[in-house]
1. Which of the residues spanning the range 10-26 are over 17 Å from Phe82 (Cβ atoms) and touching a residue at least 24 places away in the same chain (Cβ under 8 Å)?
2. Could you count how many residues in the range 73-93 are farther than 14 Å from Leu15 by Cα and surrounded by 14 or more Cβ atoms within 10 Å (Cβ to Cβ)?
3. Could you tell me whether any residue of the range 55-72 is under 15 Å from the mean Cα position of the chain (by Cα) and among the hydroxyl-bearing types (Ser, Thr, Tyr)?
4. Go through (1) free of Cβ contacts under 8 Å to residues at least 24 places away in the same chain; (2) among the charged types (D, E, K, R); (3) surrounded by 13 or more Cβ atoms within 10 Å (Cβ to Cβ) one by one and return the number of the condition Glu32 breaks.
5. When the range 58-74 is examined, which residues are found to be within 17 Å of Lys4 (Cβ to Cβ), of a type in the set (A, V, I, L, M) and either part of a helix (DSSP H, G or I) or in contact (Cβ under 8 Å) with a residue 12 or more places away in the chain (or both)?
6. Does Ala52 qualify as being within 17 Å of the chain's Cα centre (by Cα) and either more than 30 Å from Arg87 (Cα to Cα) or surrounded by fewer than 19 Cβ atoms within 10 Å (Cβ to Cβ) (or both)?
7. Cβ contacts < 9 Å: first residue free of Cβ contacts under 8 Å to residues at least 12 places away in the same chain, restricted to the range 35-52; second residue of a type in the set (A, V, I, L, M, F, W, C), any location; separation 6+ or different chain. Result?
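No value in this document is a laboratory result; all are computed from the given coordinates. Here the structure is a predicted model, which is why all the values come from computation and not from measurement. Here the Cβ positions follow ideal geometry from the backbone for every residue, glycine too, while neighbour counts run over all protein chains shown.
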Amino acid sequence: MPFKFEKLQVWQKALDLTGIIHDVTRRFPKEELFMLTSQIKRAADSICLNIAEGATTLSNAEFSRFLQIALRSDMEVVGCIFIAQRRGIICDEDF
């Protein structure tokens, strides 16, 4: 039996994002491994994990709170992408 969150399109897209971020960050320089690489991967994973955790709550208000946390993590990913572009780590296509 699938979990409730597995049916949510937003969770499926968040899971896709973790794969994209993983693939892109594999090309980041080694000196970014414990800085930007780690930060962006943790933020992307957090989106997916907060949606899944929130979907198991009993109230819409609590689920909404978890979605808000996921959205903040999403904005963190976006910020990391801008930093990576500014540092010349990612190409325009990946951006």
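1. Val10, Trp11, Ala14, Leu15, Thr18 - these are the residues of the range 10-26 that are over 17 Å from Phe82 (Cβ atoms) and touching a residue at least 24 places away in the same chain (Cβ under 8 Å).
2. As a first pass, look at the range 73-93 and keep what is farther than 14 Å from Leu15 by Cα: 75-76, 78-93.
Retained after the next criterion (residues that are surrounded by 14 or more Cβ atoms within 10 Å (Cβ to Cβ)): 76, 80-81, 83-85, 89-90.
The qualifying residues number 8.
3. Within the range 55-72, none of the residues are under 15 Å from the mean Cα position of the chain (by Cα) and among the hydroxyl-bearing types (Ser, Thr, Tyr).
4. Checking Glu32 against (1) free of Cβ contacts under 8 Å to residues at least 24 places away in the same chain; (2) among the charged types (D, E, K, R); (3) surrounded by 13 or more Cβ atoms within 10 Å (Cβ to Cβ), the one that fails is (1).
5. Ala61, Leu67, Ala70
6. Yes, satisfied.
7. Close Cβ pairs (under 9 Å, with a partner that is of a type in the set (A, V, I, L, M, F, W, C)) amount to Leu49/Ala14; Leu49/Ala70.
Each row is one residue, and each column tells you yes or no for (1) among the aliphatic types (A, V, I, L, M); (2) out of contact with any Asp or Glu (no Cβ under 9 Å at 6 or more places or on another chain); (3) not in a helix (DSSP H, G or I).
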position	(1), (2), (3)
Phe5	no, no, no
Gln12	no, no, no
Asp16	no, yes, no
Leu36	yes, yes, no
Lys41	no, yes, no
Ser46	no, no, no
Ala52	yes, no, no
